[in-house]
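Notes follow once the structure below has been shown.
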Amino acid sequence: MTREHWGSKLGFILAAAGSAVGLGNVWKFPYLVGQNGGAVFVITYLVLALTIGAALILAELALGRAAQKDPVGTFANLRGGAWSLAGYLGVLSGFLVLTFYSVIGGWTLAYVVKMVDGSLMETGLDLTGTFNGFVSNSVEPLIYHALFMLMTVLVVLRGIGSGIERCNKFLMPALFLILVFLAVRAVTLDGAAAGVDFYLRPDFSKFSGDTLVAALSQAFFSLSIGLGILITYGSYLDRSQNIQRSTLWIIVLDTGVGIFAGLIIMPAVFAFGIEPGAGPGLTFITLPGIFQQITGGVLFGTAFFVLLLFAALTSSVSLLEVPVAYLMDELQLSRKTAVLVLGGVAFLIGIPSSLSFGVMSDMTLFGMGFMDLLDYLTTKLMIPAGGMAVCIFAGWIVWPRMQTEVSNDGTLAFPLSTIWGWVLKVVAPASIAMIMVYGFLH
């Protein structure tokens, strides 16, 4: 089976950045900023993304391009033995994330519809009750979960060039245009200056160990590290691509989305006297209340949830492509069969995640509902373990091959090679261990 490749350098960069840009940037980043001291969190996050994040992205791209295989095939081809388990871990982690990510993506799609039909703009509407009533419904969220998964499947069915690359060439520029549009409106609201000040002027007295761990965790997870995505996308690269430059672009685009999302939300919540650390409800409960009070709120609210939908879709596409690549590479299945089977199974596993907010809300394991349990297993345990495996494998087991790969067989200079090796071998594993210990304790 001939391996597909990206049609252009720009297409790959937009697809790889799109895999990283997701709900974590637009939904999670702003409320983490609010909970962790504002600008001091932003600065900490940027420093960690440009160091540890960059080191891991470069390693995953180099591993994938070196092997020209899915994550399982990559570890097996470059060393084999027990290392193949690290590939399986990445494939499984990404697939499990997809099952509940699609449910939240469905919520986002539903809110686009609800914003367009005006049902979120009714005067005196109890937005908390509206959201809780929606997610606890046994049928409506499942319909939107199915629609979101169908959108994901249709893109991945078309393959690398015609599907994923073409989709991201449209979605990513559109996403940035909506971001700029909304940010301009947010910073011009009456009272927005206090939010901009909180967001951009650091108060280092607010820095703490919790700030560091939260920023490290967000940098790690918002860049799609440890899920096998960038290994898979790297495997579709040809030898001419400068993966050093690609890594930088991926980080710039990914962190740029998070920064702009904060520039939309922080000025808005300060302008309307809302607690900036309002938590996950900020997106689905607090922001619609703000849109109700803004002239042209339907337009701005619709644009925001379309932005969130685009971000979710670019990530879900990459989450599905990883196990699809595995079934195609290792089991020789056709793309159509792999996509349809995995899309169907992911939808089915997502059903209890959706119902865990309604009819299955009393069913818990280890004190957690089904979605919360999957989220804990993946984000606190499996993904960090996958990232740790990448660090050790790239930094210690196949380090000479990594140096050859990032220099394009010695044709490109890489003056940061020593620093990259030090981060991969020591700094990143220690940081990931800190995330895992913190996850166990909290």
> Lys/Arg Cβ at +1, Asp/Glu Cβ at -1, dipole of segment 9-441 taken about the Cα centre: which of Val155, Phe75, Thr211 is farthest positive-ward?
Replying inline: Phe75
>> Please give the charge dipole size of segment 9-441, origin at the Cα centre, charges +1 on K and R Cβ atoms and -1 on D and E Cβ atoms. Round to the nearest 20 debye.
In response: 1000 debye
>> Ignoring trypsin sites (Lys or Arg not before Pro) that are buried or in helix or strand per DSSP, and keeping those with at most 13 other beta carbon atoms within 10 Å, what is the longest stretch of the chain between them?
In response: 4-238
> Given the Cα-Cα distance of Leu10 and Leu299 and 0.36 nm per residue of separation, how much length would full extension add, in nm?
Replying inline: 101.0 nm
> For segment 303-335, list residues with backbone N below 14 Å from a point placed 7 Å from the Cα of Val341 toward its Cβ?
Replying inline: 323-335
>> Quick check for you: which residues of segment 373-394 have the amide N under 12 Å from the point 7 Å beyond the Cα of Phe440 toward its beta carbon?
In response: 381
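Give me the percent of Cα-Cα pairs in segment 314-381 that sit more than 15 Å apart, rounded to a whole number.
62 percent
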>> What number comes out for accessible area per residue over the chain if the probe is 1.4 Å? Units Å², please.
In response: 37 Å²
> How far is helix 209-222 tilted off the main Cα axis of the chain, in degrees rounded to 10, range 0 to 90?
Replying inline: 70 degrees
> Relative contact order for the chain using alpha-carbon pairs under 8 Å, separation at least 6, rounded to a whole percent?
Replying inline: 35 percent
> Using 7 Å Cα-to-Cβ label points, what is the Asn132/Trp422 separation (nm, one decimal)?
Replying inline: 5.2 nm
> Between Leu85 and Ile143, 0.36 nm times their residue separation minus their Cα-Cα distance comes to what?
Replying inline: 17.4 nm
> Given the convex hull over the Cα atoms of segment 76-162, what projected area results after averaging over all orientations, in nm²?
Replying inline: 8.7 nm²
> Which residue, chosen from Leu287, Met115, Val341, occupies the Cα position most advanced towards the positive end of the dipole of the chain, where the dipole is computed from +1 (Lys, Arg) and -1 (Asp, Glu) charges on Cβ about the Cα centre?
Replying inline: Val341
>> Is there a quick way to get the dipole size of segment 289-442? I mean about its Cα centre, with the Cβ of Lys and Arg at +1 and of Asp and Glu at -1; what is the value in debye to the nearest 20?
In response: 120 debye
> Could you give the length gained on full extension between Ala193 and Glu275, defined as 0.36 nm per residue of separation minus the Cα-Cα distance, in nm?
Replying inline: 28.0 nm
>> Under 5 Å between amide hydrogens, which residues at least 5 positions from Met368 or on another chain qualify, with H placed 1.01 Å from N in the peptide plane?
In response: none
>> Please compute the modelled spin-label separation between Met121 and Asp210, points set 7 Å along Cα→Cβ, answer in nm with one decimal.
In response: 3.8 nm
>> Taking the 0 to 90 degree range and rounding to the nearest ten, how far is the long axis of helix 84-116 tilted relative to the main principal axis of the chain, both from C-alpha atoms?
In response: 30 degrees
> Using a 1.4 angstrom probe with every protein chain in place, what is the largest-first accessible-area order of Cys167, Cys391?
Replying inline: Cys167, Cys391
> On the accessible surface of segment 25-174, probed at 1.4 Å, how many percent belong to carbon and sulfur atoms?
Replying inline: 65 percent
> By accessible area of protein heavy atoms, probe 1.4 Å, what ranking do Trp422, Trp399, Trp249 get, highest first?
Replying inline: Trp422, Trp249, Trp399
>> Could you tell me the relative contact order of segment 40-100? Use alpha-carbon pairs under 8 Å, at least six residues apart, and round to a whole percent.
In response: 19 percent
>> Under the rule a/c < 1.5 gives rounded, and otherwise a/b versus b/c splits prolate from oblate, where does segment 112-270 land using the Cα gyration tensor?
In response: oblate
> So what are the ³J(HN,Hα) numbers for segment 429-435, from phi and the Karplus equation (6.51, -1.76, 1.60; θ = phi - 60°), rounded to whole Hz, Gly and Pro as x?
Replying inline: x, 5, 5, 5, 4, 5, 4
> Against the longest principal axis of the chain, how steep is helix 140-157, in degrees 0 to 90 to the nearest 10, with axes from Cα atoms?
Replying inline: 30 degrees
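The values are calculated or read from the model by the stated rules, or taken from the named source; none is laboratory data. None of these values were measured; they are calculated from a predicted model. Counting neighbours? That spans all protein chains shown, and the Cβs are built from the backbone with ideal geometry, glycine included. Remember, those area values only see protein heavy atoms, side chains included, never the ligands or the DNA or RNA. Shrake-Rupley method; radii C 1.70, N 1.55, O 1.52, S 1.80 Å.
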